[in-house]
Amino acid sequence: MGAVPGIHQLRDVGGEGVQQGMLKMEDAMEISSEGSAGSSSHEMGDEDFAPRTTSEPHFPSQSELDDLIRDLGLTKSGAELLTSRMKEWNLLGEDCRTSVYRKRHEEFEIYYDFSDDMCYCKDATGLFTALGLEHDPAEWRLFIDSSTRSLKAVLLHNGNKNPSLPLAHSVQKKENYHNVKQLLEKINYAEFKWDVCGDFKMLAFLLGLQGGYTKYSCFLCLWDSRADDDHYNKVHWPPRVELQPGMLNVLRQPLVDSKKVLLPPLHIKLGLIKQFVKALDFGGETFQEICLMFPKLSEAKLKGGIFVGPQVNKMLKLEKLERAMTKVEREAWCSFRDVVCGFLGNHKDPNYKQIVAKLIENFRKLGCRMSLKIHFLHSHLDFYPENLGAVSEEHGERFHQDIATMERRYQGQWNTMMGGERG
Ligand SMILES: [Zn+2]
């Protein structure tokens with residue numbers, strides 16, 4: 001490593017451990033303030049680090065220094081300070097340069113631009129080449145994340161072997177169809193046509209669907225979200241032939257081909273827990289146990305079954321919770337766990353179809369309402385890509401970790417780099 005100047009710096013963006021559970025930034029903050037955040041599995045570059053067996057002093061090479069800087073999560077100025085001090089004390093190997101950090105960011109500048117309140121990569125091919133990476137669009141997926149405060153897009157490598165690459169970032173842009181459209185135009189999406197992932201709200205923007213609680217909310221079929229009586233009985237609904245604006249809850253021209261959309265497993269998991277909790281007897285033991293687990297969550301969130309990934313993982317691990325359950329609750333709960341482990345996670349069980357079918361049956365028995373997310377499991381299991389593992393669970397978690405690291409390290413840089421003044 002280190003042959004291509006700069007690769008370590010962008011590795012920073014993708015090199016850290018993976019959080020348990022895909023979090024919106026807000027959720028991440030909320031959960032850490034609650035003190036129940038999943039512990040980060042940050043490993044200190046252990047594959048590169050071999051304990052030294054001699055007592056001779058060791059002068060780190062450029063790539064060792066880069067790894068250290070990455071592991072410490074230093075900012076650019078922090079990295080420069082550390083490097084120059086170590087240089088002054090003659091503690092660095094001969095190949096180490098103090099100016100390298102400044103140079104690196106200049107090197108990438110040329111691939112980015114800033115306009116309409118958005119910093120974006122105008123030349124993805126050039127960026128890949130500069131990083132010494134192969135760009136096969138089929139091996140990468142575009143993750144778009146949005147909140148009321150910002151809009152971001154990052155390219156993630158399927159299998160996560162390569163670093164993730166930030167492609168666009170705006171702290172001014174709100175999440176809406178127009179802004180997502182603009183983002184895709186700026187990064188020349190039409191040329192690369194990566195698979196796209198995001199939460200369900202983002203997928204609705206991308207496919208031009210009407211937002212909110214609509215009758216035809218599925219982009220694959222004409223599942224009637226309001227026909228509760230049919231939900232568990234009817235698997236096959238008339239497929240959508242095309243997404244035509246003005247028809248059947250399609251509001252606008254889709255921005256991406258619906259075949260390019262990857263369903264977000266984490267959101268399906270959160271959708272499942274939501275319906276599970278909502279079906280519980282709020283006066284019963286199970287619900288009380290959940291309330292005890294999360295004393296700081298509001299009653300509205302608890303009763304609405306609104307949790308984030310790490311909280312769900314915590315519940316799945318707690319035996320006491322399972323012991324509090326009635327038989328029918330426990331059956332639904334165990335099949336939920338089986339689906340999380342055998343289908344929505346990184347491992348796809350060979351019997352995943354039976355596992356999912358059992359979940360649907362047990363959720364039905366518990367009286368869970370079928371939501372769009374459960375409908376995907378019920379009716380569109382074949383839509384999931386074969387490599388679900390490679391693109392699943394991790395993608396969001398990794399993305400949020402990456403974005404947080406990126407924002408910390410590139411604070412201000414995104415803006416000064418592009419000549420913009422936004423903070
Ligand atoms: Zn459908």
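The values are calculated or read from the model by the stated rules, or taken from the named source; none is laboratory data. Just so it is clear, the structure is predicted and the values come from calculations on it, not from any experiment. Cβ atoms come from the backbone with ideal geometry, glycine included; neighbour counts cover every protein chain shown.
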inquiry  = With the structure loaded, tell me whether L155 is in contact with a strand residue (DSSP E or B) (Cβ under 8 Å, 6 or more places away or on another chain) and either surrounded by fewer than 20 Cβ atoms within 10 Å (Cβ to Cβ) or touching a residue at least 40 places away in the same chain (Cβ under 8 Å) (or both) or whether it fails that test.
reply    = no
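Residue-by-condition table, conditions (1) surrounded by fewer than 18 Cβ atoms within 10 Å (Cβ to Cβ); (2) modelled with pLDDT under 75; (3) out of contact with any Leu (no Cβ under 8 Å at 6 or more places or on another chain):
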site	(1), (2), (3)
D71	no, no, yes
K76	no, yes, yes
N90	yes, no, yes
R97	yes, yes, yes
S115	yes, no, yes
D123	yes, no, yes
Of the candidates F376, F363, the one satisfying the condition of being within 16 Å of the ligand (Cβ to nearest atom), touching a residue at least 40 places away in the same chain (Cβ under 8 Å) and assigned to a helix (DSSP H, G or I) is F376
